[in-house]
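What follows is a short report on a single structure.
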Amino acid sequence: MSKIFIIITFLLLFLKQSHPQGVKIERLNESINTDDSEFNFIQINTDESYFSRATYDGVNYKVSIYKAIKKNNKWQAHDKLFLGDFFSTANPSFSNNNLKLYFTACDTNNSCKILVKDLNTGTVNKTTINDLSNITTQPNIITHQDQEIIFFVSDRQGGFGGLDIWLSVIDNSGNLGVPINLGNKINSKYDEITPFYNQERKTIYFSSNKPGGVGGFDIYHAKGKLNLWLPSINTSEFNTEYDEMYLSFFDENKGYFSSNKRDTACCNDIYYFEYANKKDSTLELRKKTEKYLPLRLYFHNDEPDCCTMSVNTKKTYKQTYITYFKLEDDYIQISQSNDVKQFFQDSLKGNFNRLNQILVHVEADLKRGKKIEIQIKGFASPLHNAEYNVNLSKRRIMSLVNFIKTYNNNILENYMFNKRLTIKEIPYGENKSALNVSSDPKDAKKSIYSIEAMLERRIEIIDVIVQ
């Protein structure tokens with residue numbers, strides 16, 4: 001079998017095979033699956049997916065990437081993507097902020113490279129991991145510890161033989177680092193292809209034709225990260241005596257894979273799978289965030305942006321938090337209160353860490369295609385007049401919105417732009433402040449540095465609503 005078939009699709013005819021219980025498997029409808037070959041179905045939200053289709057022109061198999069839209073709960077093939085003047089394009093993978101599309105481009109000589117399209121400018125560029133004398137294909141983009149990583153497949157030198165799975169680190173400027181082989185826990189002297197890393201499970205899924213499988217290419221999985229892996233295990237619930245490849249997850253329990261097991265056509269079809277008896281991911285997110293709510297985030301007096309009636313600020317909550325935290329010694333010295341020392345550790349610092357935990361869960365559910373609304377209330381102490389305090393509350397909410405936009409290298413900003421992540425603001429000003437809080441500007445110890453005043457200068461995340 002030539003490598004172009006390994007890279008793009010596999011064309012074998014065989015009988016249906018049943019799968020073990022515990023996972024539901026369904027073939028997608030005829031709008032997606034045709035008498036041609038379909039594979040590599042990637043769902044990016046509840047209503048939008050992308051896949052590859054190979055068609056025979058009488059001489060060669062030519063591959064294109066298609067968009068799919070969900071209508072009446074069924075996927076419908078939509079537009080074909082034009083990504084440049086290439087013979088074949090396949091294997092779409094979006095960067096985690098959905099601003100770049102990585103894909104495979106091949107010519108008629110079976111030479112395949114990974115390219116990247118900037119979705120803002122429309123420009124298409126080669127990636128630096130391409131090897132002119134070898135195949136580079138099948139990108140899968142993830143984020144690991146605030147850093148984007150690309151997994152890919154190549155037969156370049158330095159591997160274990162055949163096609164191997166590699167990775168490269170993508171820096172903040174989009175440059176790709178030196179390719180790293182995933183090692184012998186993943187790769188063999190045979191062909192390892194179609195990598196997909198599931199971050200919730202901390203597991204890489206891939207296919208291999210190494211001996212010991214059920215037959216053809218089997219799907220395998222291995223726990224680990226980067227190039228540190230446990231030995232791979234055959235994912236037997238998907239495999240038949242033929243070829244199963246391109247497994248991808250949309251959320252923790254649902255996803256897609258490709259197989260040529262159908263007995264009415266020559267080629268790969270796309271199948272949906274869903275693990276049975278799994279808890280709904282939305283309910284799980286709700287439980288993970290509810291334990292932090294309402295989450296109170298605190299501010300130094302008149303922050304952010306002292307002495308203005310503006311309702312906007314360019315500062316992020318992280319900036320105001322750091323400024324406030326640096327004043328811990330001043331607050332303890334002036335207030336002479338043990339409660340103030342505990343406040344800086346448990347309430348100020350502790351709640352900032354809890355904010356980041358909430359955003360981790362929000363990011364994960366947005367990637368599963370959910371829509372999320374974050375509801376925020378803003379408060380102020382009664383030290384200034386009512387109008388000023390309402391505007392100050394709005395600036396405080398805005399600082400949190402700015403932080404959410406910049407969280408994890410701006411990964412949430414695109415979700416906000418597409419209105420899949422929305423913020424509901426409720427600025428109260430001093431209207432809800434406690435009656436025992438001083439409003440005397442001449443008594444800073446009580447009106448600024450007392451624990452009562454400190455607790456009033458806050459915003460609250462009161463709910464995270466998942467749709």
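Here is how the numbers come out for the structure above:
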read-out	value
Separation in nanometres of the label points that stand 7 Å from Cα toward Cβ, at Arg201 and Leu81	2.4 nm
Vicinal HN-Hα couplings computed from phi for the range 407-423 (Karplus, 6.51 cos²θ - 1.76 cosθ + 1.60; Hz; Gly/Pro x)	4, 6, 6, 6, 5, 8, 5, 5, 5, 5, 4, 7, 6, 8, 10, 10, 10
Theoretical gain in end-to-end length, Met309 to Thr108 [0.36 nm per residue, Cα-Cα removed]	65.9 nm
The chain - Kirkwood radius from inverse mean 1/r over Cα pairs (Å)	24.6 Å
Ranked by how many other beta carbons lie within 10 Å on average, peptides 178-187, 98-107, 75-84 from highest	98-107, 178-187, 75-84
0 to 90° range, to nearest 10: angle between helix 281-290 axis and the chain longest Cα axis	20 degrees
Alpha-carbon centroids, the range 181-256 and the range 26-89: separation in whole Å	22 Å
C-alpha long axis of helix 350-367 to longest principal axis of the chain, angle in °	30 degrees
Greater than 31 Å apart at Cα, pairs in Lys377/Lys445; Lys67/Lys288; Lys24/Lys370; Lys126/Lys371; Lys202/Lys261; Lys67/Lys419	Lys67/Lys288; Lys126/Lys371
Segment Tyr190-Ala276, extension gain: residue separation times 0.36 nm, minus the distance between their alpha carbons	27.7 nm
Cβ-Cβ FRET estimate between Asp146 and Asn72, R0 fixed at 30 Å, reported to 0.05	0.15
28 Å Cα-Cα threshold exceeded, pairs from Lys326/Lys367; Lys326/Lys405; Lys80/Lys100	Lys326/Lys367
Computed over the range 284-466, Cα set: Rg, Dmax in Å	16.4, 53
Shape call, the range 3-278: gyration tensor on alpha carbons, a/c limit 1.5	rounded
Lys225 versus Gln467: modelled label distance in nm, points set 7 Å from Cα along the beta carbon direction	3.3 nm
Taking the range 3-278 and dividing mean pair separation by its residue count, relative contact order in percent (alpha carbons under 8 Å, at least six apart)	20 percent
Extended-chain gain in nm, criterion 0.36 nm per residue less alpha-carbon gap, Asp329 and Ser236	27.5 nm
For the range 3-278, size of Cβ-based charge dipole, Lys and Arg +1, Asp and Glu -1, in debye	280 debye
Estimated distance in nm for a label pair at Asp47 and Ile180, the labels positioned 7 Å out from Cα along Cα-to-Cβ	4.0 nm
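Rule-based calculations on the coordinates, nothing more; no lab input. This is a predicted model, so every value here is computed, not measured. Positions of Cβ are generated from backbone atoms using ideal geometry, with glycine treated the same way; all protein chains shown enter the neighbour counts.
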